[in-house]
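The values are calculated or read from the model by the stated rules, or taken from the named source; none is laboratory data. Here the structure is a predicted model, which is why all the values come from computation and not from measurement. Cβ placement follows ideal geometry from the backbone for every residue including glycine, while neighbour counts extend to all protein chains displayed. Heads up: the accessible areas ignore ligands, DNA and RNA and are worked out on the full protein's heavy atoms, side chains in. Shrake-Rupley method; radii C 1.70, N 1.55, O 1.52, S 1.80 Å.
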Amino acid sequence: MTAATAPTSGLGAELQTASTLLSDRQVEDLVRTHYGLSGKAEWLWGEKDSNHRLTLQDGSTCLVKVLNAGEKPETTSLHSSALLHVAHVDPGIPVQRIVPALNGAPDIRIPTEDGDTRAVRLVTFLHGQALSGVRHTARQRANVGIMMARMQKAFESFEHACADHKITWDMTHAPDLAAGLDCLTDEAERDRLAACLTRFKADVLSRLHDLPTQVIHNDFNCENILVDPDKPDEVSGIIDFGDMVRAPRVFDVAVGASYMLDEESEPVDCVFDMLAGYATLQTLNEAEIAALYPAMMVRTLMRIVIPHWRASMFPEHAARILCRTDLSRRIFARLSAYCEDEFAARCHTIFMRAPE
């Protein structure tokens, strides 16, 4: 995968590095060498990394994640440490468990052909079906909210030197996305999205001091939430900690809430199912309630701009990268049409009953 010329100013370097894919045989060899395990590898799609499912001789499965060379060692440590922390603080949260290497390390580094290194992490494989592939229900959405609240509570005590790193998907840096608007061909759309960014900067980012901040998962989307196929209302797994960062807690809620919108819900009522579940364990203050709706708008905007920007860099993968942008546009339009005052009023009703 090679990068084409594309606007990069102000946008994160972590998405500008293409991943060199390893063959299944290479993955099998490195796991045998560094983990003492034998099995059969099968490549899985990943946006930035070389991911492989490994079926061991006893029939159990693991996930081998060979991260791209652009990820710094301290970032890899952040993600590995987070998995270990969640498993320790709240073992009931269904996250992947790290399988240590022969030297006891939670992740290792291997050399690349150009003299650099890239990290490898081996974790248990979580079985289940992605939330995107099942019919959504109110109970299911509430359970997603509960699981997010549990994850946030687990992360309240998590600290890491790299938690403040800058990533493209952090809404704290949303104004940087203005550099990617030129990747959109529709002038009217560019103007709408630019206005959304301007408002977010003025109304939300100017008041960050009022928003409680901690390490957040930052990617509670329907591909990263797994459910039990036999009990699809039950969350069976939370995966992909690759976008975690220290940021306002409400941004985490906005991410999860924006992905609750689907083709079945009219117009955004489903969001309140998730928030009601979340409110059984967590609450939002007045500033967070005010920030939630514009943050949902900006997260949806990001789902339009960032894929177009990446597609301009990697045109050979444009079809795959852009496959969900039409849905994101429809969601953005539906959010834009919703009465923001009504949204805030319904949030107040939910969080008035929330625990302090």
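Side notes on the structure shown:
- For segment 171-193, residues that are within 23 Å of ARG334 (Cα to Cα) and among the acidic types (Asp, Glu) total 4.
- Out of ALA202, ALA254, ALA179, sole residue that is at pLDDT 95 or above, outside any strand (DSSP E or B) and either more than 13 Å from the chain's Cα centre (by Cα) or of a type in the set (S, T, N, Q) (or both): ALA202
- Across segment 85-129, the qualifying residues are those that are touching a residue at least 40 places away in the same chain (Cβ under 8 Å) and either in contact with a Gly (Cβ under 7 Å, 6 or more places away or on another chain) or part of a helix (DSSP H, G or I) (or both), and the one among them that is farthest from ASP240 (Cα to Cα) is LEU102.
- Condition met for PHE241 (open to solvent by less than 10 Å² (accessible area, probe 1.4 Å), within 14 Å of the chain's Cα centre (by Cα) and hydrophobic (A, V, I, L, M, F, W, C)): no
- Out of GLY128, GLY70, GLY145, sole residue that is in contact with a Pro (Cβ under 9 Å, 6 or more places away or on another chain), surrounded by 14 or more Cβ atoms within 10 Å (Cβ to Cβ) and farther than 22 Å from VAL31 by Cβ: GLY128
- Tally, over segment 131-142, of residues that are within 18 Å of the chain's Cα centre (by Cα) and either open to solvent by 10 Å² or more (accessible area, probe 1.4 Å) or without any contact (Cβ under 8 Å) to a residue 40 or more places away in the chain (or both): 3
- Qualifying positions in segment 21-41 - under 18 Å from THR124 (Cβ atoms) and among the polar types (S, T, N, Q): SER38
- Test: residue in segment 223-234 that is open to solvent by 10 Å² or more (accessible area, probe 1.4 Å), touching a His at 6+ places or on another chain (Cβ under 8 Å) and acidic (Asp, Glu): no
- Any pair with Cβ under 7 angstrom, 6 or more apart, that starts in segment 161-190 at a residue that is free of Cβ contacts under 8 Å to residues at least 60 places away in the same chain and ends at one that is open to solvent by less than 10 Å² (accessible area, probe 1.4 Å) and part of a loop (DSSP other than H, G, I, E, B): ARG190/LEU184
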